[in-house]
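**Q** Structure below; questions to follow.
The values are calculated or read from the model by the stated rules, or taken from the named source; none is laboratory data. Predicted model only: the values in this text are computed from it and were never measured. Positions of Cβ are backbone-derived with ideal geometry, glycine not excepted, and every protein chain shown enters the neighbour counts.
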């Protein structure tokens, strides 16, 4: 089995992914800002800074074959400055990718976002071959991080998931679920909006797929 570093291990995706990788028999190093006893005993939990400052990636990569990079900042609100998105999403990813290349890492899986491809709505089906047109700071920072991963020449796979749902989800989707569980009459019948959703378990299955298939590198 593979020795894997997962960044952002305490997050909505990371916590489930780490547990799933460990159950599958992989040797997992879980990097998080505030280490906690939330994983199987076989998981090595390590502390990492909040990415607003440089990280000693080479130390975290020691003995590791593969990285799944989940750590980053998402839609945190208008009070978050553009340079914070750039530092955390682009520059930290670029530094990780550069370290991965330097130590000869076998595979870097970078979790980007559909917002690197498009704004919140699209009148046509999105394809990875289409021109990327992010419309906000978050999307632009994710697209810039993708470019940094490609430029590093480390073996990589980039994933651009749509909105992810599952137990413990946060943000607007959690608020919508909470509303749906009330007895209040909601005017949802008047809505004609459609949204692409991805189950967390399906995203984790996709990560397993790219870890197993070398031909999915460089995409």
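**Q** Which condition from (1) on the phi < 0 side of the Ramachandran plot; (2) touching a residue at least 60 places away in the same chain (Cβ under 8 Å) is the one that residue 166 breaks?
**A** Only one criterion is unmet by residue 166, namely (1).
**Q** Could you list, in sequence order, the residues of region 184-205 that are part of a helix (DSSP H, G or I), modelled with pLDDT of 85 or more and surrounded by fewer than 16 Cβ atoms within 10 Å (Cβ to Cβ)?
**A** To start, the set of residues in region 184-205 that are part of a helix (DSSP H, G or I) comprises 187-190, 200-205.
Right, trim to modelled with pLDDT of 85 or more and you get 200-205.
Within region 184-205, 201, 202, 205 qualify.
**Q** Touching a strand residue (DSSP E or B) at 6+ places or on another chain (Cβ under 9 Å) and surrounded by 10 or more Cβ atoms within 10 Å (Cβ to Cβ): which single residue out of 90, 160 fits that description?
**A** Just one listed residue meets the conditions, 160.
**Q** Of all residues being under 22 Å from residue 17 (Cα atoms) and surrounded by fewer than 19 Cβ atoms within 10 Å (Cβ to Cβ) in region 104-156, which is farthest from the chain's Cα centre (by Cα)? Just the residue, please.
**A** Among residues in region 104-156 that are under 22 Å from residue 17 (Cα atoms) and surrounded by fewer than 19 Cβ atoms within 10 Å (Cβ to Cβ), the one farthest from the chain's Cα centre (by Cα) is 106.
**Q** Which residue is surrounded by the fewest Cβ atoms within 10 Å (Cβ to Cβ), if the candidates are limited to region 17-40 and must be assigned to a loop (DSSP other than H, G, I, E, B) and modelled with pLDDT of 90 or more? Walk me through how you get there before you give the answer.
**A** In the first step, residues of region 17-40 are kept if they are assigned to a loop (DSSP other than H, G, I, E, B); the result is 24-26, 33-40.
Add one more test, that the residue is modelled with pLDDT of 90 or more, and what stays is 24-26, 33, 39.
Working: 24: 12, 25: 10, 26: 20, 33: 13, 39: 21.
The qualifying residue surrounded by the fewest Cβ atoms within 10 Å (Cβ to Cβ) is 25.
**Q** Restricting attention to region 1-38, which residues are over 19 Å from the mean Cα position of the chain (by Cα), touching a residue at least 12 places away in the same chain (Cβ under 8 Å) and over 17 Å from residue 107 (Cα atoms)?
**A** 23, 24, 25, 36, 38
Quick grid of which residues meet (1) closer than 27 Å to residue 107 by Cβ; (2) in a helix (DSSP H, G or I); (3) in contact with a helix residue (DSSP H, G or I) (Cβ under 8 Å, 6 or more places away or on another chain):
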| site | (1), (2), (3) |
| --- | --- |
| 139 | yes, yes, yes |
| 147 | yes, yes, no |
| 150 | yes, yes, no |
| 154 | yes, no, yes |
| 157 | yes, no, yes |
| 161 | yes, no, yes |
| 168 | no, no, yes |
| 172 | no, yes, no |
| 182 | no, no, no |
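**Q** Still on this structure, I have one more. Six or more apart or on different chains, Cβ under 7 Å: which pairs go from a residue in region 89-108 that's on the phi > 0 side of the Ramachandran plot to one that's modelled with pLDDT of 95 or more and surrounded by fewer than 20 Cβ atoms within 10 Å (Cβ to Cβ)? Could you list them?
**A** none
**Q** (1) within 22 Å of residue 90 (Cβ to Cβ); (2) surrounded by fewer than 11 Cβ atoms within 10 Å (Cβ to Cβ); (3) at pLDDT 85 or above: which one isn't true of residue 212, the others all being true?
**A** (1)
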